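Trainee: Pasting in a structure now, in structure tokens, and then I'll have a few things to ask.
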Amino acid sequence: MTRSIIHHAALPHRGGAVRIARLLMEAQKAAGIEVRLTFEVAENDPDNLDATPAAPTPLPDLARAFAALPMDGVLHLHTSADWPALLAAIMPHVGSRRVLLTLHDATPLTGGCAYPLDCPHFPACADPCPRQFPRARKRQHDTLALLRRLGPILASPSSWLAGLARKVLPGLILRVIPNGVPWAQLADLPLRNQARATLGIDPHIPMALFAAHGGARAAYKSGPLWTGYWQALTARLPEARGFAVGGDEASSENGLTVWPYLDRGRLTVLMRAADALLYPTLADNHPLVLLEAASMELPVISYNVGGVPEIVVNATTGLLVPPGDTDAFAQAALKLLRDQPYARRMGRDARSRGAGRFGVDRMAREYKELMD
């Protein structure tokens, strides 16, 4: 049995990768495993902005910490600001210790981009990079060469991203482990009308939610275009109300309220109050916000890209539309917002179908099986 695990990420707090790391750490600590989190960049805790930012871990310090692990210990890599530097730092200290790399996005597989989208060069990056990542070809070459030498066990939350990994790292052990989130009991969640009352919104008014880490700056989630999506929607449904959360700004215009990052309690209220989560992502792995929506009985409207269809069952737990078809996206949103009973039926199906597949206990168990 594994006795000690170091989890490593670029940031200590925000982002889906860090949340997965912390959820796994909670389960592992409860199982009697010694766990710790190291990271590379100082960052305020968004749930406690008065706290002093935790000090980052220089890569030489991480290498020394890894070298001090018992030989049956595990270094679980989640994210890095510099994959070649991170991998080179730990390489001399591996010995019989195991390295597990969870692919939260494609940055360990590319020359810099989180997702290759329709790049004509992937799986072999090119210079100059069409997205202007500097020295993309060398960065990809160096990262992949180090990964082949290191031979980590790879975990991917989605089969889609696992497919990309197999194109550039054939031969490595790779297992698909879907993400998981805590699955609250319905009795512990606010009723829809209670959540609406908290927000001051009439139960009969159509209400939509946009949510993504980074908010309006979340390029892969179409964040810069959220207001355009909302304008197109309210041109045909002017009474609708919307909330957009996840960034650093606050504003309100045309029935759309923009809020910065919210703690889990306030996000729960929004998800319980909304009729639909509007998620116009351009590329995605296995986004936690979709799992959280399912746990809150909130149906999703999204583009049919990446690992999204591994979570959302079209016409059952949400609506999926062709990538980039903004008119189809608007029509799908109108369909759910105009028919609230239909949206609530979808939400109930999302919760019932997702309970066994996307719970944190199942995720922790599968990671344990992978490491033991």
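The values are calculated or read from the model by the stated rules, or taken from the named source; none is laboratory data. Owing to the predicted nature of the structure, the values given are computational and were not obtained by experimental measurement. Counting neighbours? That spans all protein chains shown, and the Cβs are built from the backbone with ideal geometry, glycine included. Remember, those area values only see protein heavy atoms, side chains included, never the ligands or the DNA or RNA. Shrake-Rupley method; radii C 1.70, N 1.55, O 1.52, S 1.80 Å.
Trainee: Calculate the spin-label point distance for residue 225 paired with residue 331, positioning each point 7 Å from the Cα along the beta-carbon direction, and give it in nanometres.
Mentor: Calculated label separation equals 1.7 nm.
Trainee: Give me the distance between the Cα centres of region 186-209 and region 264-287, rounded to whole Å.
Mentor: About 14 Å separates the Cα centre of region 186-209 from the one of region 264-287.
Trainee: Next up: Kindly report, to the nearest 10 Å², the accessible surface of residue 335 as traced by a 1.4 Å probe over protein heavy atoms only.
Mentor: Here the accessible area works out near 110 Å².
Trainee: Run the reach check for residue 167 against lysines, Cα to Cα strictly under 30 Å, same-chain hits fewer than 8 apart removed. What comes back?
Mentor: Answer for residue 167, where 30 Å is the Cα cut-off: 138, 221, 368, listed by chain and number.
Trainee: Taking only protein heavy atoms and a 1.4 Å probe, what accessible area per residue, in Å², does region 225-293 have with all protein chains in place?
Mentor: Heavy-atom accessible area per residue stands at 37 Å².
Trainee: So for the chain, averaging the separation of alpha carbon pairs under 8 Å that are six or more residues apart and normalising by length, what relative contact order in percent results?
Mentor: Reported relative contact order: 14 percent.
Trainee: Let me ask you something else. Over the chain, with every protein chain in place, what whole percent of the accessible area is carbon and sulfur at 1.4 Å, could you tell me? Walk me through the intermediate numbers first.
Mentor: Working: 8620 of 16000 Å².
Its accessible area is 54 percent carbon and sulfur atoms.
Trainee: Pairwise over distinct Cα atoms, reciprocal of the mean inverse distance: report the Kirkwood radius of the chain in Å, one decimal place.
Mentor: Values: mean 1/r = 0.0464 Å⁻¹.
Evaluated over the chain, this radius sits at 21.6 Å.
Trainee: Something else: Can you give me the Cα centroid spacing of region 91-105 and region 1-32 in angstrom?
Mentor: 14 Å
Trainee: Just to confirm, what accessible area per residue do you get for region 33-160 at 1.4 Å probe, in whole Å²? All intermediate terms of the calculation are to be shown ahead of the outcome.
Mentor: On the way: 5890 Å² over 128 residues.
That works out to 46 Å² for each residue.
Trainee: Next question. On full extension of the chain, what length is gained from residue 248 through residue 22, given 0.36 nm per residue of separation minus the C-alpha to C-alpha distance?
Mentor: 79.1 nm
Trainee: Could you work out the pair-distance distribution P(r) of region 23-86 from its alpha-carbon pairs, with 5 angstrom bin width and percents rounded to whole numbers?
Mentor: Percent of pairs per bin, in order: 3, 13, 21, 22, 22, 13, 4, 1.
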